[in-house]
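These notes are about the structure you will find just below.
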Amino acid sequence: MASPKLTYKPVTLKNWDDMTKLFESKGAPQYCWCMVWRAMKDNASRSDKSAKKASLKNYVSKKIPIGLLCYQGKEPIAWCSVAPRESYRELSGDDSLDDVWSLVCFYIKKEFRKQHITSSLIDAAIKYARRKGAKYVEAYPVNPNSPSYRFMRFKSTCDEAGFSFSHKVGQRRNVMTIKV
């Protein structure tokens, strides 16, 4: 029997429970709730998991895009954080560009890894950003040997998706852009 095809949906209050289900599953990023690059609600503590979850939901409640869920059938199996760059804290991107959406974090449930889902998430994120008015999507990947920021994916994946290298940020992150 063939696996159901993958679908992608922006996170809204309507599917917030799916986001919660994915992020609270075994091995998921429930420690960060994808708030590393976002401002916390009411300057809440970055060490408080529940404050991170509440802060992310606050973005959704205010109808500020936060990203896409990837579904296999009705099951949320992956996530990518893609949103207007101004909704994040400083990412050190290319400030000469306007109407930029940032593609920041990824999570794929362990049993679905190594199935090219990252590439399909990137494609879906680019299409979503374009529909929402983006002129560019900016990503911040690292090299495969990086000891940190691996949740931002790898430079080679962005190369394959058509992103161009802009500049290096710090010792690990690469700023890469694609015109959409």
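General remarks:
- Test for S102: is it surrounded by fewer than 19 Cβ atoms within 10 Å (Cβ to Cβ) and of a type in the set (S, T, N, Q): no
- Pair list, Cβ under 8 Å, 6 or more apart: region 169-180 residue farther than 20 Å from S146 by Cα and among the charged types (D, E, K, R), other residue modelled with pLDDT of 95 or more and assigned to a strand (DSSP E or B): K179/Y136
- Taking region 17-45 as the range and being in a helix (DSSP H, G or I), touching a residue at least 24 places away in the same chain (Cβ under 8 Å) and under 17 Å from S87 (Cβ atoms) as the test, only M19 passes.
- Boolean, L69 is assigned to a strand (DSSP E or B) and surrounded by 19 or more Cβ atoms within 10 Å (Cβ to Cβ): yes
- Residue in region 140-153 that is assigned to a helix (DSSP H, G or I), crowded, with 22+ Cβ neighbours inside 10 Å and either touching a Phe, Trp or Tyr at 6+ places or on another chain (Cβ under 8 Å) or free of Cβ contacts under 8 Å to residues at least 60 places away in the same chain (or both) present: yes
- Matching residues in region 50-66 - criterion: being surrounded by fewer than 16 Cβ atoms within 10 Å (Cβ to Cβ) and among the charged types (D, E, K, R): K62, K63
- Filter result for V60 (in contact with a helix residue (DSSP H, G or I) (Cβ under 8 Å, 6 or more places away or on another chain), in a helix (DSSP H, G or I) and not small (G, A, S)): yes
- Any hit, region 56-67, residues being in contact (Cβ under 8 Å) with a residue 60 or more places away in the chain and under 28 Å from M176 (Cα atoms): yes
The values are calculated or read from the model by the stated rules, or taken from the named source; none is laboratory data. Just so you know, these numbers come straight off a predicted model, no measurement behind them. So basically every Cβ, Gly included, is an ideal-geometry build from the backbone, and we count neighbours across all protein chains shown.
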